[in-house]
1. Could you give each residue of the stretch 77-88 its phi-based ³J(HN,Hα) in whole Hz, using Karplus coefficients 6.51, -1.76, 1.60 with θ = phi - 60°, and x for Gly or Pro?
2. For V59, which sequence-distant residues (separation of 5 or more, or a different chain) have an amide H within less than 5 Å of its own amide H, given hydrogens modelled in the peptide plane?
3. Give me the number: length gained by fully extending F318 to R203, i.e. 0.36 nm times residue separation minus the C-alpha to C-alpha distance, one decimal in nm.
4. Quick one: net charge of K294's neighbours, Cβ under 14 Å, K/R +1, D/E -1?
5. Tell me the carbon and sulfur percent of the accessible area for the stretch 106-229, rounded to whole percent, probe radius 1.4 Å.
6. Under a crude label model (7 Å from the Cα following the beta-carbon direction), how far is Y274 from Q110 in nanometres?
7. Can you list residues whose amide H is under 5 Å from L98's amide H, if they're 5+ apart or on another chain and H is modeled 1.01 Å from N?
8. Each label point is 7 Å from the Cα along the Cα-to-Cβ direction; what then is the distance between the points at R331 and D183, in nm?
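The values are calculated or read from the model by the stated rules, or taken from the named source; none is laboratory data. Keep in mind the model is a prediction, meaning the values are calculated, not measured. Reconstructed Cβ throughout: ideal geometry from the backbone, glycine too, with neighbour counts over all protein chains shown. Quick note on the areas: whole protein, heavy atoms, side chains included, nothing else; ligands and nucleic acids left out. Shrake-Rupley method; radii C 1.70, N 1.55, O 1.52, S 1.80 Å.
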Amino acid sequence: MQESEKTMCDPEPLQNGEAMSPDTTDSKGPPGDEENQGAVPSAPPLPQEPPPCPRPKLVFHTQLAHGSPTGRIHSFTNVKELYARIAEVFNISASEILFCTLNSHKVDMQKLLGGQIGLEDFIFAHVRGETKEVEVIKTEDALGLTITDNGAGYAFIKRIKEGSTVDRIKTVCVGDHIEAINDQSIVGCRHYEVAKMLKEQLRGAPFTLRLVEPKKAFDMIGQRTRAPKSSEGKMVSGKETLRLRSKGSATLEEIPDEFEDKAIEKVDDLLESYMGIRDLELATTIVEAGKNKKSTDDFAEALDSVLGDFGFPDVFLFDVWEAMGDVKNGRI
């Protein structure tokens, strides 16, 4: 939930109770100045424009997902700063926060905080709970996991495919942070790096995952959630959202239009299909890079300038370009 605290910009008060009026000095010049008698007085100076009003301070309400009093946070421009503000309110370390959901205390991946926060959204912070280790034997090429990250160095499980290798390991749950693979810490790795490491595990060979589950409230103990098959949507409300960026400051933006919404959803689906990750911020960045481009070459060049580190395969770029064209032309 957001509040706006505005500073009113009032004109400066008048001195000594004098009325604000044009200069009414006698039109006659000073004594002895006969040449200026009857001269029209000069116009008074134009009043100075009042200083611009500062932008309202955006204040959001927050709680710890397993239960806490309500706190208020403001003055953050990216996810790491958001976590730092939440940590200050509840007197915990920012490293305790695994991820945040909007408007729900549950481990609900449809309400995961991504790159945008609606101005009326209520933020729930999920903190570290119990640590567990599981042994996994890769019986298929794909483990059945979709990986995302919290933007501050923690990768976690966003989806478990029904009937997959991991689905058969009942201690592994949606929302679990992957802390290590075979005792190798992956804290600080992006989700696509973790997905790549998991894909590279040898088929038939066992490996170990060290997982940290979100701390649970009493009414959540025993729950094993699985994200639905439909694409996750952004949680937004109001007419504007606060857009958080991995690089640069947060900006206040209009809610994406229908084209952008559909295109972002399709690109997010393609990210999961090609890379085993879902990332609305990444999908939004891809759509923004391509929505005004005239050709695939222009799109690839624009994408390379902002996301060169990903090294997307050409077939992925072509599929994204085609999907955006389908949305733009009403075929989707």
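1. 10, 8, 5, 4, 5, 4, 4, 5, 5, 4, 4, 4
2. Under 5 Å from the amide H of V59: E3.
3. Details: separation 115, 0.36 × 115 = 41.40 nm, distance 3.01 nm.
Full extension of this stretch gives 38.4 nm more.
4. Numbers: positive: K291, K293, K328; negative: D297, D298, E301.
That sum, taken over residues with Cβ under 14 Å, equals 0.
5. After summing per-atom areas, the C and S share lands at 50 percent.
6. So the label points at Y274 and Q110 sit 2.7 nm apart.
7. H126, V127, R128
8. Result: 5.3 nm between the two label points.
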